[in-house]
Structure formats: C-alpha cells, structure tokens
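Worksheet: one structure, shown below.
The values are calculated or read from the model by the stated rules, or taken from the named source; none is laboratory data. Everything numeric in this text was worked out from a predicted model, so none of it was measured. Neighbour counts are summed over all protein chains in view; Cβ atoms, including those assigned to glycine, are modelled from backbone coordinates with ideal geometry.
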Amino acid sequence: MSAGIVALVVVVDDRSSDDTAVRARDAGADVVIPSGGTGGLAQAFRTGVITALTYDVTHILHVDADGQYSPADALGLLDIVLNGADLAIGSRLWNRPACMSRPRYFANRLFSRAVACLIGIPILDAQSGYRVFTRELADTCLISGTYTYTQEQVIRAAHLGYVVSFMPISFLPRSSGRSRLIVSVPTYAAHVLIAVWRLTNALGIGHLRLPACLIYAFVIECRDRHKLEGSTR
C-alpha cells in the first residue's frame, strides 16, 4: 500500500491442501486463520470480515486469493470509498476478459442486471471478488448465506441505503488450480438463485420481484448481445 496507509493483512485459509498458510505467513501476513464451519467462500469471507472487525480498522479491502485480480487496482477502489462511497467493487464486465468464457460472461452480466433490477441501482458486476468497504458497512451487512457473499453484500448494502460504486478492473488468467465455487455455470446459477431468493424474502423485497427481474435481465441481455453481434458483422 502507499505511504500513509497502515495495512493489516488477514489471510483466511479455506481448507487448502497445499502450503497456503505457511506461504502467507512467510510473505508477511499479520493473521492467518482457518475459515471454520463447513468452509466455502461465504464462510471464508465472513470469517475474514469478523476477524478484521476485532482490530482498529477503518476500511476493509477484500480480494479472492485465486490470483486473477491485480494488486494495482486496490488503491483505486480505496480512493472511491475515501471519497464518499460505502462499498466500491471492481467490475470485470466492462469488456469480456479473455480468460472468461462466453457462458460465464453472459451469466455474470445477467445476474448483475437482475440484482440491479431488484435493488434499483446500477450494478456493473455483482459477482466480483475485489471490493473495498467501510467498517460501518462491514458491521451492518454481515453475511448470513452459506454459498457465496458477493450478491448478498451488495443487496444488503443497497437495501440499507449505503452508496455502492464500481470501477473497471483487470481480470487475469488463473495461473494454477480451479474454482471450487463454479463447477459449472448452471450449478452456480442454481445455488445463487436459491441464495438470492432466500435473502430477498428475508428482507421483504417480494416473492415475485426476483423472477420478474430475471426475465427482464434476460431479455435486455439478449437484446444487447444481438446488437453487439450485429455491429461486428
């Protein structure tokens, strides 16, 4: 980080079978802890946030540790929050990254549009794992889901009136390993739909709003995709 910023590095080791914990400590991580519970992305995120809140931190920068997010984008996200936003998210979807398949890109845009429809604000990438948020938001919008945290944090934040902003970021090819979260796009989509359905019901957003927003998002995304394909012929 730049001069004037004191960083506490927390690494959550989600049941890794390699030397993640040892390498994190050797690289200078201040705290290395297991995710606890049944594991998984949502549990790892929640563990990291709760741990950070036990220290005197003012902001939290979260990044998924798969090597696909560039450290160079961190200060840009932090600057957005320091200038008034409560949650700044790095958007990978301003253009399709070479390392993101067309079905996954379509699904990411579809869910982002659906979430935007649900909460009534522009959402450029609801699934991004690169974000900065304030201590207050972290404390108020604790994750309750068991599958993933990305959509839930955005929905909770917007529902409570927090300012959510986005910034275009790089998205790099994965150098090793494979995602345990996205085994296949249909499986991931099914899990996310169930999680968002439960969340919207708990928040009182409405039983019919999610299906309506999904249909709307699908129609708009197909229209835009058709326009793009037509313009490149």
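For segment 4-21, check the following and say yes or no: at least one residue is acidic (Asp, Glu) and either touching a residue at least 40 places away in the same chain (Cβ under 8 Å) or part of a strand (DSSP E or B) (or both).
yes
Among the numbered criteria (1) farther than 18 Å from His191 by Cβ; (2) of a type in the set (Ser, Thr, Tyr); (3) touching an Asp or Glu at 6+ places or on another chain (Cβ under 6 Å), which one does Ser16 miss?
Every condition holds for Ser16 apart from (3).
Among the residues of segment 53-108, what is the count of those that are more than 23 Å from Thr20 (Cβ to Cβ), out of contact with any strand residue (DSSP E or B) (no Cβ under 8 Å at 6 or more places or on another chain) and among the hydroxyl-bearing types (Ser, Thr, Tyr)?
Of the residues in segment 53-108, 2 are more than 23 Å from Thr20 (Cβ to Cβ), out of contact with any strand residue (DSSP E or B) (no Cβ under 8 Å at 6 or more places or on another chain) and among the hydroxyl-bearing types (Ser, Thr, Tyr).
Name the residues in segment 48-75 that are under 16 Å from the mean Cα position of the chain (by Cα), among the small types (Gly, Ala, Ser) and part of a helix (DSSP H, G or I), would you?
Of everything in segment 48-75, those that are under 16 Å from the mean Cα position of the chain (by Cα), among the small types (Gly, Ala, Ser) and part of a helix (DSSP H, G or I) turn out to be Gly48, Ala74.
Quick one: in segment 85-100, of everything that is modelled with pLDDT under 95 and within 24 Å of Tyr216 (Cβ to Cβ), which residue is surrounded by the fewest Cβ atoms within 10 Å (Cβ to Cβ)?
Top of the filtered list is Asn95.
What are the pairs, 6+ residues apart or on separate chains, where a residue within segment 51-64 that is without any contact (Cβ under 8 Å) to a residue 40 or more places away in the chain has its Cβ under 9 Å from a residue that is in a loop (DSSP other than H, G, I, E, B) and loosely packed, with under 15 Cβ neighbours inside 10 Å?
Asp56/Leu8
Please specify each residue of segment 3-24 satisfying the condition of being farther than 16 Å from Asp56 by Cα and among the aliphatic types (A, V, I, L, M).
Selection gives Ala3, Val11, Val12, Ala21, Val22, Ala24.
Considering only residues that are of a type outside the set (S, T, N, Q) and part of a strand (DSSP E or B), look in segment 152-177 and name the one that is farthest from Gly84 (Cα to Cα).
Selected residue: Pro168.
Test of understanding: among Thr150, Thr134, which residue is among the hydroxyl-bearing types (Ser, Thr, Tyr), modelled with pLDDT of 95 or more and out of contact with any helix residue (DSSP H, G or I) (no Cβ under 8 Å at 6 or more places or on another chain)? Show your work before the answer.
Numbers: Thr134 fails: out of contact with any helix residue (DSSP H, G or I) (no Cβ under 8 Å at 6 or more places or on another chain).
Among Thr150, Thr134, only Thr150 is among the hydroxyl-bearing types (Ser, Thr, Tyr), modelled with pLDDT of 95 or more and out of contact with any helix residue (DSSP H, G or I) (no Cβ under 8 Å at 6 or more places or on another chain).
Tally the residues that are assigned to a helix (DSSP H, G or I), out of contact with any helix residue (DSSP H, G or I) (no Cβ under 9 Å at 6 or more places or on another chain) and of a type outside the set (Phe, Trp, Tyr), restricting the search to segment 82-116.
3
Can you find, within segment 114-155, the residue that is surrounded by the fewest Cβ atoms within 10 Å (Cβ to Cβ) among those that are among the charged types (D, E, K, R) and out of contact with any Phe, Trp or Tyr (no Cβ under 9 Å at 6 or more places or on another chain)?
Ranking the qualifying residues of segment 114-155, first place goes to Asp139.
If Val10 passes every condition in (1) farther than 24 Å from Leu75 by Cα; (2) surrounded by 14 or more Cβ atoms within 10 Å (Cβ to Cβ) but one, which one does it miss?
(1)
Is it fair to say Gly129 is under 30 Å from Cys222 (Cα atoms) and either in contact with a strand residue (DSSP E or B) (Cβ under 7 Å, 6 or more places away or on another chain) or among the acidic types (Asp, Glu) (or both)?
Judged against the criteria, Gly129 is a match.
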